[in-house]
Amino acid sequence: MASSYTDLPRAGVMRRLGSWLYDFLVVVALLMVAGFICFGLTALALHLGWISLGEYEDTAALLSASRGYQLVLLGVVLFFYCWFWRTSGQTLGMRAWRLRVQNTDGSLLTLGQCLVRAGAALLGLGNFWVWCNPRHKLALQDKLAHCEVVVLSKEQNRQLLSRD
């Protein structure tokens, strides 16, 4: 199956940014849900006396200062991207824009590649690296994770969507 995704054109900056915007909205929604859950669990722990506010004014201030809470939110973002990149090569935004992240042989990324790619993306700014090297159309995260983002035909995209 991987071989059917080789020799496809690589994605340019504008298409990548369109996909990033879709994914940004989904990630914000996921972070809101995670924040709601963490807030509720913290409020419950406060109510049961398991923890105290200490020097903090309220539950939100306590959470904002918590490294654990920050790690939970980071974990939500990493899980979102890594899960989609590992299972189909497409996030929800990439599906809408007919993009796929893959190795040059068409295979899916490893977990290590996903983590490197997520870290190197610099909140989407790594995509502008494509303009520095227009002939190869590789973003900073592509170069560092040794992968590529390709543009799928409508039929290829439909096939990927029907497999899920």
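Go ahead and run the numbers for FRET between Leu111 and Ile51, Cβ-Cβ distance against an R0 of 35 Å, rounding to 0.05.
Taking R0 as 35 Å, the efficiency between Leu111 and Ile51 is 0.60.
Would you give the gap between the C-alpha center of region 1-71 and the C-alpha center of region 121-164, rounded to a whole Å?
Distance between centres, Cα-based: 23 Å.
Sort Ile37, Ile51 by accessible area with a 1.4 Å probe, largest first.
Most to least solvent-accessible, the answer reads Ile37, Ile51.
If pairing requires two Cys Cβ atoms under 4.7 Å apart, which cysteines of the chain are left without a partner?
Flagged as lacking a Cys partner: Cys38, Cys132, Cys147.
Let me check something: with ligands and nucleic acids excluded, how do Asp23, Asp105, Asp58 order by accessible area (1.4 Å probe), largest to smallest?
The ranking, largest first, comes out as Asp105, Asp58, Asp23.
Given a Förster distance of 41 Å, report the FRET efficiency between Ser66 and Leu92 from their Cβ-Cβ distance, rounded to the nearest 0.05.
Efficiency for this residue pair is about 0.90.
Does region 84-146 classify as rounded, prolate or oblate by the C-alpha gyration tensor (a ≥ b ≥ c root eigenvalues; a/c under 1.5 gives rounded; else a/b over b/c gives prolate, otherwise oblate)?
rounded
At a probe size of 1.4 Å, how large is the accessible area of Lys154, to the nearest 10 Å²?
Lys154 has an accessible surface of roughly 130 Å² with all protein chains in place.
Nearest 20 debye, what's the magnitude of the dipole of region 1-135 about its Cα centre given +1 on Lys and Arg Cβ and -1 on Asp and Glu Cβ?
720
Let me cross-check Met14: its accessible surface, 1.4 Å probe, with only protein heavy atoms counted, in Å² to the nearest 10?
Roughly 130 Å² of Met14 is accessible to a 1.4 Å probe.
Among the complete DSSP H segments of the chain, which ones combine at least 20 Å of alpha-carbon extent along their axis with a mean Kyte-Doolittle hydropathy of 1.6 or more?
13-47
Leaving ligands, DNA and RNA out of it, work out the accessible area of Cys132 with a 1.4 Å probe and give it in Å² to the nearest 10.
Near enough 100 Å² of accessible area.
The values are calculated or read from the model by the stated rules, or taken from the named source; none is laboratory data. No experiment lies behind these values; they were computed from the predicted model shown. Using ideal geometry, Cβ is built from the backbone for each residue, glycine included, and neighbour counts are taken over all protein chains shown. Quick note on the areas: whole protein, heavy atoms, side chains included, nothing else; ligands and nucleic acids left out. Shrake-Rupley method; radii C 1.70, N 1.55, O 1.52, S 1.80 Å.
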